[in-house]
Every structure is written in C-alpha cells, then in structure tokens.
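The values are calculated or read from the model by the stated rules, or taken from the named source; none is laboratory data. All values derive from a computational prediction rather than experimental measurement. Because the Cβ atoms are built from the backbone with ideal geometry, glycine has one as well, and the counts that use them run over all protein chains shown. Quick note on the areas: whole protein, heavy atoms, side chains included, nothing else; ligands and nucleic acids left out. Shrake-Rupley method; radii C 1.70, N 1.55, O 1.52, S 1.80 Å.
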Amino acid sequence: MDERERKAQWLACSLSPAYFADRYVQIYNASVKAWIPFSLWPAQLGVMQDLQQHQYVVMLKARQLGMSWLCLTYALWLMLFRPAATVLIMSKRDDEAVELLQERLVKMYRELPAWMQAKVVVRESAHDFVLSNGSRAKAFPTSGGRSYTASFVLLDEADFLPDLSGTLNALRPTVDAGGQLVMISTVDKALPQSPFKEIFRSAWYHNDGQYKPIFLPWYARPERTRAWYEAIAVDMFKQTGSQDNLWQEYPETVEQALAPLQLAKRIPFAWLEVCQEKDAKAVTGGGAPAVPGLTVWRVPVPGRLYIIGADPAEGKPTSDDSAATVLEGETREGGASCRGKGEPGGFGG
C-alpha cells in the first residue's frame, strides 16, 4: 500500500469505527485458537453506531456476543483517531480488568498494520498502556479510577459488581466533562433489583435518565438457530427443572432477562407473560405523581371505577418490595403499577 492509499484508509477509519473494525481489527477466536478479522454482525454494527451517538449506554445481553471485544475496539479507535483519549477499563476483579487490557486491547493494537500504530508505546505495564499520541488505557478493579478524567469508561459484567452504585457515583465526575460511560452485562438472577437492572428498566421502559438502553438476545449471533437454542434449553432445564439458567445466559426477551428466579415460585413467570400486552408503553409526563417505582400504563379517566391490589412488605432494606397494581374496574386492564421499599403505613396511604 502506497502513501496515498494509507492516507485514504486512515481518513476512512477516522470517520467510522465500524470501518476500522471490519477492515483492520483482529480478535482472538478461542474455537480455532487464532486471531481472525473482526467482521461485524448486524447487531454489532448497530451497537457500534450507538456508541458513537450516546454518552451513557447500558447494555443487557446474552452470552458470547462479542460485546466486550466491540467496546474495546471502539476504545482503541478513540485512542488512535481521537487523541489524547483516556480509556478506563473496569471489572469486578483486578485480574479481569488486566485481562481485558493486556490480552485484548493491547493485542488488538499489536495486530494492526505498523503504519496505523502510534510512533512509540511510551509505557506498558499490567495496568497501563500509553501511546506517544497522548492516549492511554488503564485497567482497574471497580474500586479505582476515581482520579482520572476519562474519554471512555467500560464497566464489564456490571450486574455482578459488588457496589455498582458507589462505582457510578465515583465515576460520574470523570465523564461529566464529555466522556462516555458504557455498562455491559449478562444478568445476575440472584439480584432481581440490582442497580444495573434498575438503570436498565428505567431507560428501557420509561426512557428515563441519561442512558441509551440496548438489549441483545441469544439470536443476535447469526449462526445461532432455533434448533441450537432448543437443545440448550432442554439441557439447562434438566439441570434445575426451571428456566432460570437459560434466561440468565441466553434470554430471548427483556422480560426473561429481568425476571427473578423462578424455581419454587408459586406463580411461574410464563403465566404472567400470557397476561402481558407485548407492545404496551409506559405513559410519560401527563401529570403523573413523582413516586419512585410508579409506572403508569394508562392515564386514569375521571368517573371510572378502578381497583387497587396491594401487597405490603416490611419496608426494610433487605426485605422484598411492596407492590401495588391498579386495574380498570370493567375491563380489568392494567392502569398502573408501583413497587418499592417503604414503611407499611406509608405504603398503605
């Protein structure tokens, strides 16, 4: 490739991280035990476009969809084509964060053509990768990273982080100046009301907050077929007699991913799914009271009869949520739902 073509390719890559990924990035394929071109699937291409357009992203996904590789590719694109970028890579444990940095991002960089790399790698250690163009990537457990102003922060497997709320509060000043924060995760079924799920629910169902929600089901990977999924479903059901493992690792819908553990529950989630209006959208605005945990599905009409069913809990931090549902008296259609922790008398009021 001559100098003129290299300049044209550099410009094309600088304008499109998707082009950069498709044309020049290689990722490690554990099945063939080799580095292969990162040819983006349609779902990956859509996520790459979202990363370019949104400052805050929360991604709920099935397993093995290449999203960590994709986010690291975007981070590498920032380091090369938007210097001087500061990338913070965070995970639950230090060794996991180091693996993302050293075994993925740094090795992706090494696989690039020499003319695309920075002139010099100024510093490289287990936790630090610094280029001569001023860009750097750092690996942290979630207890670190507070003192840096970041261009891009990646929180990997965010639903499994021990103190996600504290981590986000500590990181917010690092990205408020214009950086990006991306959380990606499969679900932890043991914590149905985790901070990650609450952020995703709010963004997905109510369009609340700053986050762009992304859901990627099991079939986002092109070679996965219905027959493949059904075989996985049968095997996982045999293990526990429930769909819990399947819906944790390979959800088909957002509702499956967010559903609490079903084993030994009196009312299976599948029964509730039958009652759900699939395309129902929550009402935003319209004078609804600002009650935490309240979702309004239909605006109340004066003069109509409504029924409220309520199930109070103890209101302690470790107790279940209190829950209430409002139904239209004649049609029995859902009008609103409310859940949260509160003192039983206050909840009754």
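Which order do 127, 206 take when ranked by solvent-accessible area (1.4 Å probe, heavy atoms of all protein chains), largest first?
Largest accessible area first, the list is 127, 206.
Counting only residues 5 or more places away or on other chains, whose amide H sits under 5 Å from the amide H of residue 149 once H atoms are built in the peptide plane?
The answer is none.
Can you tell me the accessible area per residue over region 192-238, all protein chains present, probe 1.4 angstrom, in square angstrom?
Solvent-accessible surface per residue comes out at 55 Å².
I need to check one value: relative contact order of region 163-252, counting alpha carbon pairs closer than 8 Å and at least 6 residues apart, in percent.
RCO, region 163-252: 26 percent.
Across region 84-97, in residue order, what do the Karplus-derived ³J(HN,Hα) couplings come to in whole Hz, using 6.51 cos²θ - 1.76 cosθ + 1.60 with θ = phi - 60° and x for Gly and Pro?
Result, rounded to whole Hz: 8, 8, 10, 10, 10, 10, 10, 8, 4, 10, 4, 5, 5, 5.
Below 8 Å between Cα atoms, with a sequence gap of 6+, how large is the relative contact order for region 36-161 in percent?
Worked out over region 36-161, it gives 31 percent.
What is the sum of charges, Lys and Arg at +1 and Asp and Glu at -1, for the other residues whose Cβ falls under 14 Å from the Cβ of residue 191?
-4
With +1 assigned to the C-beta of every Lys and Arg and -1 to the C-beta of every Asp and Glu, and no other charges, what is the dipole magnitude of region 34-161 about the Cα centre in debye, to the nearest 20?
Here region 34-161 has a charge dipole of around 300 debye.
Work out the charge dipole of region 168-323 with +1 on the Cβ of Lys and Arg and -1 on the Cβ of Asp and Glu about the Cα centre, then indicate which of 250, 275, 232 is farthest towards its positive end.
Result: 275.
How would 186, 325 rank on accessible area, largest to smallest, probe 1.4 Å?
These residues rank, largest area first, as 325, 186.
If the cut-off is a Cα-Cα distance under 20 Å, which lysines reach residue 281, setting aside same-chain residues fewer than 8 apart in sequence?
197, 212
Peptides 302-314, 48-60: what's the order by average Cβ count within 10 Å, highest mean first?
Those peptides, ordered most packed to least, come out 48-60, 302-314.
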